[in-house]
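Have a look at the structure below before the remarks.
The values are calculated or read from the model by the stated rules, or taken from the named source; none is laboratory data. This structure is a prediction, so every number in the text was calculated from the model and none was measured. Cβ atoms come from the backbone with ideal geometry, glycine included; neighbour counts cover every protein chain shown.
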Amino acid sequence: MDIEQVVRVVELVEGSQLHEVTIAHSGQSITVVNNLNKQGTSSVETAPAYKPKNNEHSHLCATHVGQVYLSEDDTTDNLVNKGDHIKKGQTVCFIDELTRLLPVISEKEGIVSAVLVKNGQNIEYGQPIFNLEA
């Protein structure tokens, strides 16, 4: 599903009396909730983010759909490696979304216990990129 299709679905739901619609295609799904009657605006909701149990590691997840890049370019080292301590607000990787290179900024602090993606891999919104330990 590309962004134009998502925008069209949002516009169709906004103009209808539907409250919620979920569309699944090629392993991807999107849920659009029409909140116009409640708040005066509509919103797009995706599947709920992964919530770790108390005994599990937490994840840093993709903030966009595209290709993930673990370094700024092909000649530099990865921004984050296994065993690195990251801080809240730190850029941990980039996602190439429709030819825009967007930074993924950590919302958590911790030690990287695993890198879950490979450089250049296609990634979806909310997909875990790194495992973190407190």
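In region 68-86, how many residues are touching a Gly at 6+ places or on another chain (Cβ under 9 Å) and within 15 Å of Ser58 (Cα to Cα)?
Of the residues in region 68-86, 2 are touching a Gly at 6+ places or on another chain (Cβ under 9 Å) and within 15 Å of Ser58 (Cα to Cα).
Any chance you could count how many residues in region 30-51 are aliphatic (A, V, I, L, M) and either modelled with pLDDT of 75 or more or over 15 Å from the mean Cα position of the chain (by Cα) (or both)?
Matching residues across region 30-51 total 4.
Those residues that are surrounded by 15 or more Cβ atoms within 10 Å (Cβ to Cβ) and farther than 16 Å from Gly66 by Cα, I need them from region 91-107; list them, please.
Answer for region 91-107, where residues must be surrounded by 15 or more Cβ atoms within 10 Å (Cβ to Cβ) and farther than 16 Å from Gly66 by Cα: just Ser106.
Considering (1) assigned to a loop (DSSP other than H, G, I, E, B); (2) aliphatic (A, V, I, L, M); (3) surrounded by fewer than 16 Cβ atoms within 10 Å (Cβ to Cβ), say which one Val117 fails and leave the rest.
That leaves (3) as the condition not met.
Restricting attention to region 59-81, which residues are part of a loop (DSSP other than H, G, I, E, B) and within 18 Å of Pro128 (Cβ to Cβ)?
Passing the criteria: Ala62, Thr63, His64, Val65, Leu70, Asn78, Leu79, Val80, Asn81.
At pLDDT 90 or above and in contact with a His (Cβ under 6 Å, 6 or more places away or on another chain): is that true of Asn119 in this structure?
Taking the combined requirement at face value, the residue does not satisfy it.
Just wondering, is there one or more residues in region 82-90 that are in contact with a Ser or Thr (Cβ under 9 Å, 6 or more places away or on another chain), surrounded by 15 or more Cβ atoms within 10 Å (Cβ to Cβ) and assigned to a strand (DSSP E or B)?
yes
When you go through (1) under 16 Å from Val112 (Cβ atoms); (2) modelled with pLDDT of 90 or more one by one for His59, which number turns out not to apply?
Unmet condition: (2).
Could you tell me which residue of region 122-134 is modelled with the lowest pLDDT, considering only residues that are surrounded by fewer than 19 Cβ atoms within 10 Å (Cβ to Cβ) and out of contact with any Cys (no Cβ under 7 Å at 6 or more places or on another chain)?
Ala134
Identify the residue in region 11-29 that is closer than 22 Å to Ile123 by Cβ and without any contact (Cβ under 8 Å) to a residue 60 or more places away in the chain and, among all such residues, is nearest to the chain's Cα centre (by Cα).
So the residue we want is Ser29.
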